[in-house]
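Worksheet for the structure shown next.
The values are calculated or read from the model by the stated rules, or taken from the named source; none is laboratory data. Quantities reported herein were computed from a predicted structural model and do not represent experimental measurements. When we count neighbours, we look across all protein chains shown, and the Cβ atoms used for this are built from the backbone with ideal geometry, even at glycine.
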Amino acid sequence: MDSPKREGMAAAAGLLRAGGTGALAVLDSTGGGPMVTMVNTAVDAGLRPLILISALSLHTRCLSADPRASLMLHDAFPPGGDPQTALRVTLSGRFEKLADADAGEAAQAFLARHPYAGLYAGFGDFAFWRMAPERAHIVAGFGRAYDVRFADLAAA
C-alpha cells in the first residue's frame, strides 16, 4: 500500500476515534428516499461507530425499518480555506440496536466522548446503536480519495 493512502487511512481512523458529530444518512421508512440527520458518535474497540438515539426520532424509526446507513465525519475546516480540503470519512454499512445487557461498554465509550449525554442516556426511549461498517470512503485532501474495506481501515 502506498504511503499517502496509508497516511489517509491512519488519519481517518484517528478522526473516528476522536468521536465527533457526524451526518447520518438513512433510508426514509415512509417514502424510501434518503434522509440525513446529525448524530454524536464514539467508537468501540473495533473502531465501529456508536450512536445514542431516541426511539421518538425519525432516524431511529428509519433504522428500525431498514438498518442500512452511511455515516460521515469530517475534520475542522481550514480557517479561510476550502472546506473541500478537510479530512473526511464516510462509512457504509448496517446499524444494530444494542440490547441493554450489551450496552455497558458502548455507554462507557460514548459517555467518555460526550459526557453531557449522561443527562438523557438513561431515559427509556434512548438506546445505543452500533454500526457494522463494510466500506469506507476517505478524502484526505485534494486529490487524495480512497475507497477501502472497513476491515483494512480498522487495522490502520
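Yes/no per residue for (1) touching a residue at least 60 places away in the same chain (Cβ under 8 Å); (2) loosely packed, with under 15 Cβ neighbours inside 10 Å; (3) within 28 Å of Gly31 (Cα to Cα):
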residue: Ile53; (1), (2), (3): yes, no, yes
residue: Pro115; (1), (2), (3): no, yes, no
residue: Arg144; (1), (2), (3): yes, no, no
residue: Asp147; (1), (2), (3): no, yes, no
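Taking Thr37 and the conditions (1) buried (at least 18 other Cβ atoms within 10 Å of the Cβ); (2) touching a helix residue (DSSP H, G or I) at 6+ places or on another chain (Cβ under 8 Å); (3) part of a strand (DSSP E or B), which numbered condition does it fall short on, given that it satisfies the others?
(1)
Take residues that are of a type in the set (Phe, Trp, Tyr), farther than 16 Å from Leu15 by Cβ and within 13 Å of the chain's Cα centre (by Cα) and tell me which of the strands (runs of 3 or more DSSP E) falling wholly in region 43-156 contain 1 or more.
Values: elements: 49-54, 68-74, 88-97, 126-139, 145-149.
Because the criterion is at least 1 residues that are of a type in the set (Phe, Trp, Tyr), farther than 16 Å from Leu15 by Cβ and within 13 Å of the chain's Cα centre (by Cα), the strands (runs of 3 or more DSSP E) in region 43-156 that meet it are 88-97, 126-139.
Name the pairs whose Cβ atoms lie under 6 Å apart, with the first residue in region 65-82 and on the phi < 0 side of the Ramachandran plot, the second surrounded by 12 or more Cβ atoms within 10 Å (Cβ to Cβ) and in a loop (DSSP other than H, G, I, E, B), and 6 or more positions between them or separate chains?
Correct list of pairs: Ala65/Ser29; Leu73/Gly20; His74/Ala86; Asp75/Ala86; Asp75/Leu87; Phe77/Ala86.
Is there any pair linking a residue in region 5-19 that is under 11 Å from Ala140 (Cβ atoms) to one that is part of a helix (DSSP H, G or I) and modelled with pLDDT of 95 or more, with Cβ under 6 Å and at least six apart or on different chains, and which?
That search, which allows pairs on different chains as well, returns Met9/Leu153.
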